[in-house]
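Each remark here refers to the structure printed beneath this line.
Readers should treat all values here as calculations from the given coordinates under stated rules, not as data from a laboratory. Keep in mind that this is a model prediction, so the values were computed, not measured. No Cβ is skipped: glycine too gets one built from the backbone with ideal geometry, and neighbour counts run over all protein chains shown.
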Amino acid sequence: MVAHADQPLYLLFLGAPGAGKGTQTAMLSSALDIPRISSGDLFREHIRNQTDLGREAKLYIDKGELVPDAVTVGMVMRRLGEADCARGAILDGFPRTIPQAEALEAGLAARGQAIRTVIDLVVDHDILVERLSGRWMCRSCGASYHLAFHPPAVAGRCDVCGGELYQREDDSPATVTHRLEVYYRQTAPLQEFYRGRGILHQIDGEQPIEAVYEVVLNAAGMGEDADSTG
Ligand code: AP5
Ligand code: MG
């Protein structure tokens, strides 16, 4: 099924841990006024609220493994059914396996909908490690900062909401290494999946944040040059 301009807008972000999915989707979500749905953030919220789903997800997240597909698909599809997604959604970190991608496609097709564009942020392994080791996140709104590349105006405080900044437990060096292995093995095959559907845009994610964002806007069809299908 092909997405039409008058349908809800579904944009999907692929990319390894640290590629900048959270950074770019937060900016795009404010610009488009469409919710950003991060499977990682949804899991962390469940963990904070000590739900059964959160307790199960934590077992995998702490080890840098993927949470099982059935749990993940159910959680994200429920979220996509909420009222604020009536105009669409920007998906960050979902799908991450071929079965998740197939479930999303089938779920949207059942509503007569489809993904418009898939944006893959491409970043070299060593840079990913450097970014994750210097990352600080907001406990309240989930915004990402980096000590060297994107420091907050006031140390330890979020520029957006004033919340407290913290380092994610799964950003420890050993877990980062494993998360990257899991990404190359289980998630990278989605590039071929979406290339085959003609909706994949691969973007050089190693440029500064604002420069990446300009290309993201183009790929999302909101800039002057939207011809970057990879
Ligand atoms: P999740 O929270 O999605 O983590 P991730 O994919 O590992 O990605 P990150 O959030 O680490 O990176 P990001 O791409 O968002 O980078 P960011 O913008 O912060 O998932 C966590 C866990 O949940 C998974 O390991 C798994 O267990 C589970 N999970 C989640 N989804 C799942 C699914 N679908 N199925 C199964 N399990 C799932 O940027 C990183 C840093 O770099 C920041 O410090 C930022 O300031 C900086 N930065 C960003 N862009 C630039 C730039 N252009 N130049 C310089 N610095 C930059
Ligand atoms: Mg993220």
Cut-off under 5 Å, modelled amide H: who pairs with Arg36 long-range | Ile90
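Under 15 Å from the Cβ of Ala106, count the other residues' Cβ atoms, weight Lys and Arg +1, Asp and Glu -1, and hand me the total.
Values: positive: Arg111, Arg197; negative: Asp69, Glu102, Glu105.
After counting each charged neighbour, the total is -1.
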Fluctuation leader among Thr51, Thr97, Thr177 - the chain, Gaussian network, Cα springs under 10 angstrom | Thr51
For Trp136, other-chain or 5+-apart residues with amide H closer than 5 Å (H placed, Pro excluded) are Tyr145, His146, Leu147
Residue by residue through the range 174-190, the couplings from Karplus 6.51 cos²θ - 1.76 cosθ + 1.60 with θ = phi - 60°, in Hz, x for Gly and Pro, are 5, 6, 4, 4, 5, 4, 5, 4, 4, 4, 4, 7, 9, 9, 3, x, 5
Measuring from its Cα centre, the chain shows a charge dipole (+1 at each Lys and Arg Cβ, -1 at each Asp and Glu Cβ) which, in debye to the nearest 20, is 640 debye
Relative to a virtual label point 7 Å from the Cα of Asn49 in the Cα→beta-carbon direction, which members of the range 94-121 show backbone nitrogen distances below 11 Å?
-> none
Return, for the Cα atoms of the range 131-224, the radius of gyration and Dmax in Å, separated by a comma.
-> 16.2, 45
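Once the other residues with Cβ under 12 Å from the Cβ of Thr51 are scored (Lys, Arg +1; Asp, Glu -1), what is the net sum?
Working: positive: Arg44, Arg48, Arg55, Lys58; negative: Glu45, Asp52, Glu56.
Charge balance in the 12 Å sphere: +1.
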Computed over the chain, Cα set: Rg, Dmax in Å | 16.7, 47
Cβ-Cβ cut-off under 9 Å around Ala26, Lys and Arg +1, Asp and Glu -1: the net charge is 0
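Based on the alpha-carbon gyration tensor of the range 154-198 and its eigenvalue square roots a ≥ b ≥ c, which shape applies: rounded if a/c is under 1.5, prolate if not and a/b is larger than b/c, or oblate? Display every interim value, and only then the final one.
Numbers: a/c = 6.01, a/b = 1.81, b/c = 3.31.
Oblate.
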